[in-house]
Amino acid sequence: MRFRTWLRASAALWLAPLALALIVLYFYGGHLADYRPGDPRLGYAPRTVSAVLLSVYPLIYATAVALGAWESGRLRRDGVWALGPARSRAGLIAQALAPVWLLAGLMIGLAIGLALVHEGQAPTVASLVLPGMAWALAIAHSLIGFAAGLVLPRIVVAPVLALAVFYAVAAAWSYEPFWLRHISGQYPGELGFGQLPTAASVGAPVLFAGAIALGLTLLTTPVWRPVWRVGCAVAGCLAMLGGTVGAYAMVRDWGHSPSASTGHAQVRCAGDELPVCVPAATAGDLPAVRADIGETLRLLTDAGVPVEPPARVEDRLIAEGERPPDTWRLPLTSLHSADTTQLAVVDTVVVFPCAEPDGTTARTVMLWAAGVAGVADDYLQRQREELLVYQDGAQILDEIVEQAVAVTELSPAEQADWYRNTLAAACAPGESAGGA
Amino acid sequence: MTLQLRACTYAYRPWARPVLSGLDYRLPPGVTVLLGPNGAGKSTLLRLAAGVTRPRAGSVSLDDLPSQARAYRGAVAWMPQHITAMTALTAREQVAYTGWLKGMNRADAWTASATALARVDLADEADTRARRLSGGQLRRVGVAAALVHGARVLLLDEPTAGMDPRQRRVFRDVLATLTDEVTVLLSTHDVADLAEESDHVTVLEAGRIRYTGSTEGFLSHAPADAVAGRRAEAAYTALSETTA
Amino acid sequence: MRWWLRARRALSVLLVALGVFTAAVMVLGDATVELPSLLSGSANPVLFVLMAPIPVVAALELSLGSRLVEAEETATRRVRALDSGLVIGVCATALAVGGAIHLLTGNEHAVASGRNVVFLTGLLLCVRVFVGQPAIAAPVLWVFAVIFVGYSGGGHWAFWTVLPKPSGDAPAALAAMLALTIGLLLHGTVRRTVAPSIT
């Protein structure tokens, strides 16, 4: 069949303008309204792709399943199977569904293309994992629709499946138990910087939908010999059951977010005594970040604050696996952008011996330590925002400022003693910090 | 009863080239065979005569009855090229349904359907689902449906397509048993089979009548050396070459 | 008439579809799902039961298309009137089902579901005279349009949506009756011209 004829004969051609227009509308009307791109230096194609696909998975699968059913009905209506074709059944099905697969690919490509161009990012191989999953699932859905169209009138099954699949996939993010959302085909989360979907998070939905498609195909394949017919039916049921159980087994212990592997971004480290590591994309910040961390630690140490320097400081963006006890993980890139690195170091160094120290005492200690590091104003700004929720917030703030100022009038040794004693006092019941 | 088309023009879309243009045609009594190449407008003429569609210009009437009158539709039976095989009906039910649609009551339609199927030698398949019938059997169902309500005018589009020689013989026998009061217009590509057993022949080409008259007059167009039994074919070929 | 009902597959298709509709309305109740909108980035609450009328409407399209074309086009009986009666009967049954479910269970959206069957059937009939069988896409696209662009924020559905409007909403009821009336008028009067195969 000529290419133009092949395309023209397919309903996918007629639906394509509407389907692609909806992708464009979704991108500009929906995705851009919600998407927070973050630091432009941290452009990460897998994150961009995962964010834009979140909205369009349901539309793609609904289109594929409806067109699959429609094309199946068309072949039946045109008597193709009754002609006793010399070409293989699989070949005829593939020929009929190929325009549907092409359309699904175009929808995916358009969505991720718009997003990547908007962010000024180039696609990477890793960023094509989720689009690949979406396309594989679109193929599976088209086969499910095709099988349904073989046995039921396409007039009924195409619209019903379109809506049912759209509803089912679009609502997946709200499903409980959580395993349902992880096999729905909608990767229910936006990837973070340096993150990639795990094989299981992609494999589970493909296994589920693929098994359903395979099972239904086996059930609807015409077989002459009764023994083989029974065999096909049994194999079809086993495939569907096995795929569902297998997919469930892969994801049953997951929480509301799908599993993702971390540490896929390039890292740059600097410093021998105190290595500080950030994403390579923001390596330009490294000298300033190292300086801030080093200066703050020195000031606190000089003031008598017991400091256990870390073996390594790393940005959370490039964090991988469980945190070693001697490693600090801080959002260095965003801290540096907000110029609050030093305050974060103070937060990390000042550790109270209990989980819930007395609020006023703890704040007084923190204010004093922030003052030592030269970031008292930053700390006060933060406290003003935090204490807004309290009726006597202003009074508390005045109190801690008064107390902290009183402490600074002591000698350095007395201040160090005061720090140690007050740290413990904050966790003693019924006591609060006093002056010297 | 005389069926007449007066200055009929028809196109399937307003902007398309007319299939029939200013056609005047009076259907003579008896059996008339309608010949013509593909695309000549034979099916269109039959559809207009059946009242399925209205001409863009001109009129179709049966004596004084316009084609949209209920009495017209009751007197005329139409068998199209493609016979619908109803999913939920047997052959007999489909024929009876046609009779009911033509105004027969349920009991009469049911009785007449058996008679009609017997006439086309399909009584054995009366209880078979229409979907399961072969192409030739389905065409015989179509013929039976045209006969069931005793129409005065039968308009048959390719009635013998897909029929084997025996079935075509049965069909010709059915034609032969029709009374003088029934007028038949049938289109066919089976020139040899039918032209010599009809009363009249009409040749349509590009929406225009090339010949209409008696069968003898049609056959006289065949060359003198035409093989016996293939005179109709030769006459048709000769007419086509003349007008080309 | 028995043959006409069988030709229309009234029992095997329409009755089953009405059964599916009944089950859907009872089971889905007032459950909502957050579906993405084009007008805002966020998802909006959409009733599951909005899609309940689709099987009935699709079954009606299948039923009306199940015709003995050659006989019905030249019939002396008023087949189009019979078909209109069938459509009205199905719509009335859907309304009655919705009312009964509301009385039995207090489901507030049941009657609205029946009304939506009426509206979408009217929409189907209006489009059907022009495009034939693919007209089934019209009710489906309407549901998608409601999801994508029907929610104007602030807890309000746009006036044109009809489907998510509550049972007592007068404009929605009027729209449904109007759609069905126009659809039946078109169905009864407009004939689609379909060219025969070349001969």
Quiz item: Rounded to the nearest 500, what is chain B's calculated 222 nm mean residue ellipticity when only DSSP H runs of at least 4 contribute -39500 (n - 2.57) each, over all residues?
Solution: -10500 deg cm²/dmol
Practice problem: Please work out the Cα center distance from the range B:50-85 to the range A:1-72, rounded to the nearest Å. | Solution: 50 Å
Exercise. Please report, in whole Å, how far the alpha carbons of the range A:17-98 spread along each principal axis, starting with the longest.
Key: 61, 22, 16
Exercise. For the range A:3-261, just the Cα set please: Rg and Dmax, both in angstrom.
Key: 19.0, 64
Quiz item: Roughly how crowded by other chains is peptide B:95-102, in terms of the mean Cβ count from those chains within 10 Å of each of its Cβ atoms?
Solution: 6
Quiz item: Which Cys residues of the protein assembly as shown have no other Cys beta carbon under 4.7 Å away?
Solution: A:Cys232, A:Cys237, B:Cys8, C:Cys91, C:Cys126
Exercise. Over the Cα atoms of the range A:140-251, compute the convex hull volume and normalise it per residue, giving Å³.
Key: 105 Å³
Quiz item: What is the pair-distance distribution P(r) of chain A, computed from all Cα-Cα distances in 10 Å bins starting at 0, with each bin given as a whole percent?
Solution: 4, 17, 20, 18, 14, 11, 8, 5, 2, 0, 0
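Which value in Å does the Kirkwood hydrodynamic radius of chain B take, with 1/r averaged over all unlike C-alpha pairs and then inverted? Display every interim value, and only then the final one.
Numbers: mean 1/r = 0.0542 Å⁻¹.
Over chain B, the inverse of the mean reciprocal pair distance is 18.5 Å.
Rounded to the nearest 0.05, what FRET efficiency is calculated for A:Ala270 and A:Thr198 with R0 set to 25 Å and r the Cβ-Cβ distance?
Values: r = 31 Å, r/R0 = 1.23.
It comes out at approximately 0.25.
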Practice problem: Using only the Cα atoms of the range B:127-244, each taken as one equal point scatterer with no solvent, compute I(q) by the Debye sum, divide by I(0), and report log10 of the ratio at q = 0.12, 0.18, 0.19 Å⁻¹. | Solution: -0.50, -1.01, -1.09
Quiz item: Amide H of B:Arg210: which non-local residues (sequence gap of 5 or more, or other chain) have their own amide H closer than 5 Å, using H built in the peptide plane?
Solution: B:Val203, B:Leu204, B:Glu205
Self-check item: Average partner coverage of A:11-20, which counts Cβ from other chains inside 10 Å
Solution: 1
Quiz item: Once amide H atoms are built 1.01 Å from N in the peptide plane, which residues 5 or more positions from C:Val46, or in another chain, come under 5 Å H to H?
Solution: C:Val33, C:Glu34, C:Leu35
Practice problem: Give the angle, between 0 and 90 degrees and rounded to the nearest 10, that separates the Cα long axis of helix B:231-243 from the longest principal axis of the Cα atoms of chain B. | Solution: 50 degrees
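Kirkwood Rh and Cα-based Rg: tell me the resulting Rg over Rh for the range A:211-253, rounded to two decimals.
On the way: Rg = 12.3 Å, Rh = 10.7 Å.
Using only Cα positions, Rg/Rh for the range A:211-253 is 1.14.
Relative contact order of the range C:13-129: what whole-number percent is it, with Cα pairs under 8 angstrom and at least 6 residues apart?
Working: 122 pairs, mean separation 34.3, N = 117.
Worked out over the range C:13-129, it gives 29 percent.
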Quiz item: Based solely on its DSSP helices, what 222 nm [θ] is calculated for chain C when runs of n ≥ 4 H residues each add -39,500 (n - 2.57) and the sum is averaged over all residues, nearest 500 deg cm²/dmol?
Solution: -19500 deg cm²/dmol
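Find the Cα radius of gyration of the range A:266-330, compare it with 2.2 N^0.38 Å by division, and give the number to two decimals.
Numbers: Rg = 12.1 Å, N = 65, 2.2 N^0.38 = 10.7 Å.
Against the empirical 2.2 N^0.38 Å value, I get 1.13 for the range A:266-330.
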Quiz item: What is the Rg over Rh value, at two decimals, for the range A:107-171, using alpha-carbon atoms and the Kirkwood definition of Rh?
Solution: 1.12
Quiz item: Using the per-residue mean of other Cβ atoms lying within 10 Å as a proxy for protection, in what order, highest first, do the peptides A:188-200, A:148-160, C:58-70, A:111-123 fall?
Solution: A:148-160, C:58-70, A:188-200, A:111-123
Quiz item: DSSP H helices in chain A with Cα extent of 27 Å or more along the helix axis and mean Kyte-Doolittle hydropathy at least 1.0?
Solution: A:89-119, A:129-151, A:199-220, A:226-251
Quiz item: Which distance in Å, rounded to a whole number, links the C-alpha centroids of the range A:207-261 and the range A:366-414?
Solution: 63 Å
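Which chymotrypsin sites (Phe, Trp or Tyr not before Pro) in the range A:201-260 sit in a loop by DSSP (not H, G, I, E or B) and have at most 12 other Cβ atoms within 10 Å of their own Cβ?
Values: sites: A:Phe208, A:Trp224, A:Trp228, A:Tyr248, A:Trp254; in loops: A:Trp224, A:Trp254.
Those satisfying the criteria are A:Trp224.
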Practice problem: Provide the descending list of Cα extents for the range B:1-56 along its principal axes, expressed in whole angstroms. | Solution: 37, 23, 18
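Tell me the trypsin sites (Lys or Arg not before Pro) within the range A:57-101 that lie in a loop according to DSSP and have at most 13 other beta-carbon atoms within 10 Å.
Here the trypsin sites (Lys or Arg not before Pro) that fit, given the DSSP loop and packing criteria, are A:Arg87.
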Quiz item: When only alpha-carbon atoms count, how far does the range A:226-295 stretch along each of its three principal axes, as whole angstroms with the largest first?
Solution: 81, 22, 18
Quiz prompt | Estimated Rh, the range B:33-121: Kirkwood, alpha-carbon pairs, angstrom | solution = 15.0 Å
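Given 20 °C and 1.002 mPa s, how large is the Stokes-Einstein diffusion coefficient of the range A:350-436 in µm²/s, with Rh as the Kirkwood radius over Cα pairs?
Values: Rh = 13.0 Å.
In µm²/s, the coefficient rounds to 165.
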Exercise. Compute the distance in nm between two label points, each set 7 Å from the Cα along the Cα-to-Cβ direction, one at A:Trp14 and one at B:Tyr12.
Key: 1.5 nm
Exercise. Filter the GluC sites (Glu not before Pro) in the range A:301-351 to those in DSSP coil with at most 16 other Cβ atoms within 10 Å of their Cβ, and list the result.
Key: A:Glu320, A:Glu322
Practice problem: Let me know the longest stretch in chain C that avoids all chymotrypsin sites (Phe, Trp or Tyr not before Pro) found in a DSSP loop with at most 16 other C-beta atoms within 10 Å. | Solution: C:1-158
Exercise. Could you work out the relative contact order of the range B:154-244, using alpha carbon pairs under 8 angstrom and six or more residues apart, expressed as a whole percent?
Key: 22 percent
Quiz prompt | Listed peptides A:287-294, B:73-80, C:164-171 by packing density, highest first (mean Cβ within 10 Å) | solution = B:73-80, A:287-294, C:164-171
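Equivalent ellipsoid semi-axes for the range C:2-189, as square roots of 5 times the alpha carbon gyration tensor eigenvalues: give them largest first, rounded to whole Å. Before the final figure, lay out the partial values.
On the way: eigenvalues 181, 65, 38 Å².
The answer is 30, 18, 14 Å, longest axis first.
Helix check for chain C. Which DSSP H runs span at least 30 Å along their own axis by Cα, with a mean Kyte-Doolittle hydropathy no less than 1.6?
Values: long enough: C:79-105 (38 Å, 1.53); C:110-131 (31 Å, 1.70).
Result, helices passing both filters: C:110-131.
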Quiz prompt | Backbone HN-Hα couplings from phi across the range A:254-266 [Karplus 6.51/-1.76/1.60, Hz, Gly and Pro as x] | solution = 7, x, 6, 9, x, 6, 9, 9, 10, x, 9, 8, 6
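Below 8 Å between Cα atoms, with a sequence gap of 6+, how large is the relative contact order for chain A in percent?
Values: 622 pairs, mean separation 55.3, N = 436.
Relative contact order comes out at 13 percent.
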Quiz item: How fast does the protein assembly as shown diffuse by Stokes-Einstein, in µm²/s, taking the Kirkwood radius from C-alpha pairs at 4 °C and 1.567 mPa s?
Solution: 39 µm²/s
Quiz item: Once all Cα-Cα distances of the range A:295-385 are split into 5 Å bins that start at 0, what whole-number percent is in each one?
Solution: 2, 13, 22, 23, 21, 14, 4, 0
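Which values, in whole Å and largest first, are the semi-axes of the equivalent ellipsoid of the range C:5-59 obtained as the square root of 5 times each eigenvalue of the Cα gyration tensor?
Values: eigenvalues 192, 33, 4 Å².
Taking √(5λ) for each eigenvalue gives 31, 13, 4 Å, largest first.
Read-outs throughout are calculated quantities, based only on the coordinates presented, and are distinct from any laboratory measurement. Because the structure is predicted, anything quoted here is derived from the model rather than measured. For neighbour counting, all protein chains shown are included, and Cβ atoms are generated from backbone atoms with ideal geometry for every residue, glycine included.
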